[in-house]
Amino acid sequence: MKPLSDLEVWFATGSQGLYGEEALSEVAANAQRIAVYLDGAPTIPVRVVYRPILTSAESIRALCLEANAADACVGVVAWMHTFSPARMWITGLQTLQKPLLHLHTQFNRDLPWGEIDMEFMNLNQAAHGDREFGFLETRLSRARKTVVGHWQDAFVAERLGWWTRAACAWREAHRLRVARFGDNMRDVAVTEGDKVEAQIRLGITVNGYGLTDLVTAVENVSEREVDATVEAYEASYQIAPTLREDGQARAALREAARIEAGLRAFLAVGDFGAFTDTFEDLDGLTQLPGIAVQRLMADGYGFGAEGDWKTAVMVRLVKIMAQGLPGGTSFMEDYTYHLSPDGPKVLGAHMLEVCPSIAGDEVSCEVHPLAIGRRRDPVRLVFTAEPGPAIVAALMDLGDRFRILVNEVELLPPDQPLPRLPVARAIWRPRPDLRTAAEAWLIAGGSHHTVLTRAVGTEALSDFADMAGVECTVIDDDTRVPRFKKELRWNQAYYHVARGL
Ligand code: MN
């Protein structure tokens, strides 16, 4: 079963009545075969649903209205098998509120050179039919992704797959409820943002809750629930000796489990998909939630520390995109550098809250003092992220708009063991290199908090940004600072104008 298989995209094929019934029934049969093929593609996580051929403005409009109303439909794939005069599409496309993908393909892959006749030409017209459609999409400034290639080429299904994952995240964004315990860390700038604008632009709902609400949920946890949570810890992780049955810090483990069960209950009752907390406001909680946050993230919740609701949202949305894919996704922070000329890199970590879904080695459950804040020693999971390609992405509120910033990175094993570092960590080399990437990140105003994922690539985030009409700036192997600087300036002007009055 596909991981997002309760959701679907609709496969809409454009044509016109002039071809006659016989030709149109062949168009329909071809389109159906393509839809069935794509539906079976393992890289496309949702169902691909064939829709009857569209030959009139009325049927196009009806389909678009139906797509808007269909809760399971995350987007529409449009293909002009034959010529479909695009003025028929104006009202429909103006109506359509779901993401759009323009698939530019052709039923026959090869030209039958020796046999080609006008009948073949008539039934393989996407080369000009899709140009007519592309013109209208551009004329309407209609956001869409364009994918070109034969429908059986693996990369076509792959690119469709990334887009459908982004569309599933777009759907999720409009349902996503974020709970904030405490406000932002005092005086911090980048974790702030306009929650009304975020709701208008991304659909997300962000609300604050008193710590007492959470404390009540924690107090309501039964001893039996604490036992069950501790058992889950013991079954899943290497438990440090002090936290074991007869260890001197056993009480801390039970307290951490109580906090987790309470937090879990609060989030479930309120139907939240993401949350934030801050070490500056923990009144009533004995520990800063560490293992609790880590395990909730592993279960799919978004999280941002220090009140960072924008990163919490990003973690949740990327986890939705990543469903069923190998490699994990976590909240992350650029913590410290290795600036040696033998290979500069970043050591990413946080006080506690890194998701074990990115762990490469064994995960150990430990308790240590917190270097900051005034609470009891918090229990946390300690591990090192698995090496391999990954991305880090951030969402900033620039005052007049949002910017998504992505950096492609390579996760690496540590040069040496880190026996005295009591937190989960990831070591990476940013692309194209640390010096370029960090300069570009800083001039783009990128935050220190990010979502790090090994499961999802840049393409899905870029597709998502297009759906939201939000800038997505990428730092990768092709990035050169002088050009990147210009790109930021152009974007600044573009998004200012595109927003209108
Ligand atoms: Mn932080």
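The values are calculated or read from the model by the stated rules, or taken from the named source; none is laboratory data. Everything quoted here is computed from the prediction, not taken from an experiment. Cβ: placed from backbone, ideal geometry, glycine included. Neighbour counts: every protein chain shown. These area figures cover heavy atoms from the full protein model, side chains too; ligands, DNA and RNA do not enter into them. Shrake-Rupley method; radii C 1.70, N 1.55, O 1.52, S 1.80 Å.
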(message) Here is a check on your reading of the model: is Leu347 of a type in the set (A, V, I, L, M), within 16 Å of the ligand (Cβ to nearest atom) and surrounded by fewer than 23 Cβ atoms within 10 Å (Cβ to Cβ)?
(response) yes
(message) Between Ala249, Ala232, Ala228, Ala268, which is under 26 Å from Asn184 (Cα atoms) and modelled with pLDDT of 95 or more?
(response) Ala268
(message) Could you check the range 218-235 and list, in sequence order, the residues that are in contact (Cβ under 8 Å) with a residue 40 or more places away in the chain and open to solvent by less than 20 Å² (accessible area, probe 1.4 Å)?
(response) Val218, Val221, Tyr233
(request) Scan the range 169-189 and report the pairs whose first residue is free of Cβ contacts under 8 Å to residues at least 12 places away in the same chain and whose second residue is outside any helix (DSSP H, G or I) and crowded, with 22+ Cβ neighbours inside 10 Å, with Cβ atoms within less than 8 Å and a gap of 6+ or a chain change. (result) none
(message) Given the criteria in a loop (DSSP other than H, G, I, E, B), among the acidic types (Asp, Glu) and either open to solvent by less than 10 Å² (accessible area, probe 1.4 Å) or within 15 Å of the ligand (Cβ to nearest atom) (or both), does Asp281 qualify?
(response) yes
(message) So if I check each of Thr479, Thr473, Thr453, which one is in contact with a Pro (Cβ under 7 Å, 6 or more places away or on another chain) and either open to solvent by 30 Å² or more (accessible area, probe 1.4 Å) or assigned by TED's automatic domain parsing to the domain that holds Thr276 (or both)?
(response) Thr479
(request) Looking only at the range 151-204, count how many residues are open to solvent by less than 20 Å² (accessible area, probe 1.4 Å) and either of a type in the set (Ser, Thr, Tyr) or assigned to a loop (DSSP other than H, G, I, E, B) (or both). (result) 8
(request) Go through the range 307-334 and give me each residue that's closer than 17 Å to Asp277 by Cβ, within 16 Å of the ligand (Cβ to nearest atom) and open to solvent by 20 Å² or more (accessible area, probe 1.4 Å). (result) Glu333
(request) Given the conditions (1) open to solvent by less than 20 Å² (accessible area, probe 1.4 Å); (2) over 31 Å from the mean Cα position of the chain (by Cα), report the number of the one that Leu63 does not fulfil. (result) (2)
(request) Output the residue which, of all residues in the range 366-405 that are closer than 18 Å to Thr242 by Cβ, modelled with pLDDT under 95 and touching a helix residue (DSSP H, G or I) at 6+ places or on another chain (Cβ under 9 Å), is surrounded by the most Cβ atoms within 10 Å (Cβ to Cβ). (result) Asp377
